[in-house]
Amino acid sequence: MNLIKYLLLTPMLFSTLMSIVNAKSFVYITDQVDIPMREDKSFNNNIIRSFSSGEKLYILQTTKDGWTQVKHKESIGWVISRYLSNNPPARIKLDKLKKKYNSNQLLSIKQSKRNTELEKQIKILKNQNTKLVIQDNKSKAEKQHIEKIYKDALKLEHYNEKLSIKILQLKAEIQILENNNTATQNYSSRNWFITGGLVLFFGIIIGLILSNFVNRRRY
């Protein structure tokens, strides 16, 4: 009795397992013509709707007699298994590749524009860098010139200090010479005064002597 129950339950369990296995799988319509979804596994007037090539369907179960129960949005029905594939058809793949290619083309164009802008910016930066190098060289030359002027100024300042000291020395010497000259002039004046006095004195004496001598000859 248990064996009979087991045999009766086996197809049901197998069907349930098939449903569980296929519950998370998807298939695609492969034919180039529209494929109908039917209410049951027969070719009667039971078409629910039709699917075009590449349509993605959700698998509910697959049977051995060549039918697959699928779900599309809210619709559930049966489709002949040979019209289904686990992979998208070549046309769908081609459409995806075309979209990807177009997207890559757009990215390539954007990147090309971006590269052009970057090249322009690089050119501008190079020009600015050249100007900065020139300006830096000018600044270095000006710095060297200023340093030279500063060194020359220090030399001139040192030379001026020497000249100032020399001038002070010369002034001191001039003052000494002036003092000596004044003293010499005073001394000469005094000597001339004394000499004049002596000459005058001797002249008077000589005059007196000559006068006496003349008077004596008269008498």
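Values computed for the structure shown
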quantity	calculated
Mean shadow area of segment 115-179, taken as a quarter of the surface of its Cα convex hull (nm²)	4.9
Signed unit charges on C-beta, dipole axis of the chain, positive-most listed residue Gln135, Leu94, Ser108	Gln135
Accessible area (Å², per residue) of segment 161-219, counting only protein heavy atoms and a probe of 1.4 Å	96
Rounded to the nearest 20 debye, dipole of the chain from Cβ charges on Lys, Arg, Asp, Glu	540
Per principal axis, descending, Cα span of the chain in whole Å	219, 45, 22
Vicinal HN-Hα couplings computed from phi for segment 200-213 (Karplus, 6.51 cos²θ - 1.76 cosθ + 1.60; Hz; Gly/Pro x)	5, 4, 5, x, 5, 4, 4, x, 5, 5, 4, 5, 5, 5
Pairwise FRET efficiency - Lys126 versus Ala153, Cβ, R0 = 25 Å, nearest 0.05	0.05
Length released on extending from Arg91 to Asp40, taking residue separation times 0.36 nm less the Cα-Cα span	15.4 nm
Spin-label model distance (nm) - Thr116 vs Ile76, 7 Å beyond Cα toward Cβ	5.8
Cβ-based charge dipole, the chain, positive-most Cα from Ile47, Leu200, Val27	Leu200
Stokes-Einstein D (µm²/s) once Rh is taken as the Kirkwood radius of segment 86-197 over alpha-carbon pairs, at 37 °C in 0.692 mPa s	136
5 angstrom amide H check on Ile48, placed H, neighbours 5+ away	Met37, Arg38, Glu39
Centre separation in Å (Cα based) which lies between segment 73-104 and segment 39-68	16
Helical mean residue ellipticity (222 nm; -39500 (n - 2.57) per DSSP H run of 4+; nearest 500) of the chain	-26000 deg cm²/dmol
Mean shadow area of segment 46-114 over all directions, Cα convex hull, nm²	6.3
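The values are calculated or read from the model by the stated rules, or taken from the named source; none is laboratory data. From a predicted model like this one, the values you see are computed outputs, not experimental measurements. With ideal geometry, Cβ positions are generated from the backbone for all residues, glycine too; neighbour counts draw on all protein chains shown. Ligands, DNA and RNA are stripped out before the accessible areas are found, and what is left, the full protein with its side chains, is counted by its heavy atoms. Shrake-Rupley method; radii C 1.70, N 1.55, O 1.52, S 1.80 Å.
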